[in-house]
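These notes are about the structure you will find just below.
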Amino acid sequence: MKESEFTARILPLRDRMFRYARTLLLSADEAEDAVHDLLERLWTERERLACRQAEPFVMTALRNRCYDLLRRRQAVERRNDAVTGFSERSAAAEAERWETRELVRRAIARLPSRQREVLCLKDIEGYPTREIAELTACDEAQVRVILSRARHELREVLQKMMNDGGTK
Amino acid sequence: MEARNERIDQLAERWLTAQATEEEERTLRELVRKGAALPEAFDDLGMLFEGFDDLAAETLPTERRIALPARRPLHRIVLSGLAAAAAIAVGVFSWQQHREPYCYVDGKAIYNKEVALSTTVYLDGFAQLDDPIRLMDRLLEDSRP
C-alpha cells in the first residue's frame, strides 16, 4: 500500500478504532495507546498491506491487540473498576448529554466482553451482521443471539441505573 | 398516539431480539428520539439510542493525533542520489590512481596479477638457459633438412 493509500484508507479509521478499542479495554488511555501503536506498526509495514479489505484487517488486528492487552492485565479487575468508577463520577452533576453518554458507557461496561464487543460493532459502529461475524470469528446466527442478549441485558442495567439514580 | 406506541413496542421487541431490519431500526430510532412525547416505558430506549449516537461521535483525542513521518521532498531525494553517485566516482578514481602495477613488460604496466605471474615465470625459465639466443639458433640449424 502506498503512502497516499494509507492516508486515504487507514488514517480515517482511527476514530472508529479508538472507540472499538475503548469498548474492549474500558480505558480511554489504553485504547489510545493501542491505536497509536497499531497505526505506527501499520505505517512501517504499509508496503505489505493490501488495499482491498483493509478495514476488516485493521479492525481484526486491533481486536487481537486489545485481547492481548486484556489477557495480560486481567480484564475482570479493570471491568469492575470501570463499573464502580461510575458512582464517583456521576456524583458530580455534569451536563445532561455527557451524563447520558457516560450512563450508557457504564451500562455497556457491565456487559460480558463478547456482548460488549458485538454491541459496540453493531449499535455504535453500525457494522452489518455479516461483517461482525467475520470480525469476531463466529456465524451470523451467533452474532444475533449475542446481540439480542446484550441489548436485553443493557436495557435492564440501564433501567436499574436510572431507578437507582445512577449511583450503582 | 396509541398506534404510535404500539408501533414502537413492536419495533423495540424486534430490535431487542436482533431481528429488526436496518429500516426498522432507523424508524425506531426516529420514534424514540429525544424530545418526542413518549410514555415512560420507552425512556430507557431513548436514552440508549442517544447514548449510542454520542458514543459513535467520539474521536481519538486531538492532542495525541498520530504524527506520521513527513514525506521527503523530491529535490532532497535527487540531491542525495547525486551526492552518493559523486562519492562513488571519486572513490573509484582515487583507487585507480593509487594502485601499483605488478610489473612492466616492454614498458607496459601489467595490473593483472595472473598475467604478471605467468609472464615473469616464463621469462625466469628462459633466463636460466645458457645463452638462449645461441641455443635457439642451433635448434633452428639442426631442424633444417
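Rule-based calculations on the coordinates, nothing more; no lab input. Everything quoted here is computed from the prediction, not taken from an experiment. FYI the Cβ positions are ideal-geometry reconstructions off the backbone, even for glycines, and counts take in every protein chain you see.
For the residues of A:121-129, the average number of beta carbons from a partner chain within 10 Å of their own beta carbon is 3.
What Kirkwood radius, in Å to one decimal, follows from the Cα pairs of region A:3-72? Mean inverse Cα-Cα distance, inverted, gives 12.1 Å.
Can you put A:S4, A:S27 in order of Cβ neighbours within 10 angstrom, beginning with the fewest?
Fewest to most other Cβ atoms nearby, the residues stand as A:S4, A:S27.
If N is the number of residues in region B:2-56, what value comes out of its Cα radius of gyration divided by 2.2 N^0.38 Å?
So region B:2-56 has a normalised radius of gyration of 1.04.
Please give, to one decimal in nm, the separation of the simple spin-label points placed at B:L140 and B:E114, each 7 Å out from Cα toward the Cβ. Here the answer is 3.4 nm between the modelled labels.
Cβ-Cβ distance of A:A50 and B:R76, R₀ of 30 Å, FRET efficiency by 1/(1 + (r/R0)^6): the value works out to about 0.50. Counting, for every residue in A:100-109, the Cβ atoms of other protein chains within 10 Å of its Cβ and taking the mean gives 5.
When the scattering of region A:95-163 is computed by the Debye formula from its Cα atoms alone, each counted once and equally, what is log10 I(q)/I(0) at q = 0.11, 0.16, 0.18, 0.26 Å⁻¹? The computed values of log10 I(q)/I(0) come out as -0.27, -0.54, -0.66, -1.10.
Sites listed here are GluC sites (Glu not before Pro) in region A:9-53 whose DSSP assignment is loop and whose Cβ has at most 16 other Cβ atoms within 10 Å: A:E45.
With a 10 Å cut-off around each Cβ of B:40-51, the average count of Cβ atoms from other chains is 5. So if I take the centroid of the Cα atoms in region A:22-74 and the same for region A:120-168, what is the distance between those two points in Å? Using only Cα atoms, the two centres lie 21 Å from each other.
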